[in-house]
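Read through the structure below, which is laid out as structure tokens, and then see the notes.
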Amino acid sequence: MVSDPLRNLQGQEELLFRLFTQQAAGKNADAVMGAAINVLINAIRQNYPLRKDAEAKIDELFGRSKMLLLANHYDSVTGKRRSVFPHTQVVRMAYHMEDDFEGQKSSRG
């Protein structure tokens, strides 16, 4: 069995991943992916003042991410997801979560 790369994160990356994972638990998978990509976009925007540098960074990140995802998690012949190691993070779609924070504040009194 291959070791889970998410268990091998180091330092700040591990800490941030664990914090994000805790906050994402039980949330809609599309919302989690949207939030993650917005964090990534914001970090790149703040750290790369030139378009060419920002484009190079996002190409690097997505190229590496795509390679890791497909090579480690999907069978190249069948195209199906492989279970080479157990999931350490699971994003579950909630049955129903109300995001109306204003309504929650006013109902408390």
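Between 68, 50, 15, 19, the distinction of being exposed (fewer than 12 other Cβ atoms within 10 Å of the Cβ) and either hydroxyl-bearing (Ser, Thr, Tyr) or modelled with pLDDT of 95 or more (or both) belongs to 50 only.
For the stretch 22-47, a residue qualifies if it is farther than 22 Å from residue 81 by Cβ and either surrounded by 10 or more Cβ atoms within 10 Å (Cβ to Cβ) or in contact with a Pro (Cβ under 8 Å, 6 or more places away or on another chain) (or both), and the qualifying residues are 23, 35, 38, 39, 40, 41, 42, 43, 44, 45, 47. Screening residue 83 on (1) at pLDDT below 85; (2) surrounded by fewer than 10 Cβ atoms within 10 Å (Cβ to Cβ); (3) within 13 Å of the chain's Cα centre (by Cα) shows it passes everything except condition (3).
Evaluated against (1) at pLDDT 90 or above; (2) within 17 Å of the chain's Cα centre (by Cα); (3) of a type outside the set (Val, Ile, Thr), residue 9 falls short on exactly one condition, (1).
The values are calculated or read from the model by the stated rules, or taken from the named source; none is laboratory data. Worth saying up front: this structure is predicted, and the values here are computed from it rather than measured. So basically every Cβ, Gly included, is an ideal-geometry build from the backbone, and we count neighbours across all protein chains shown.
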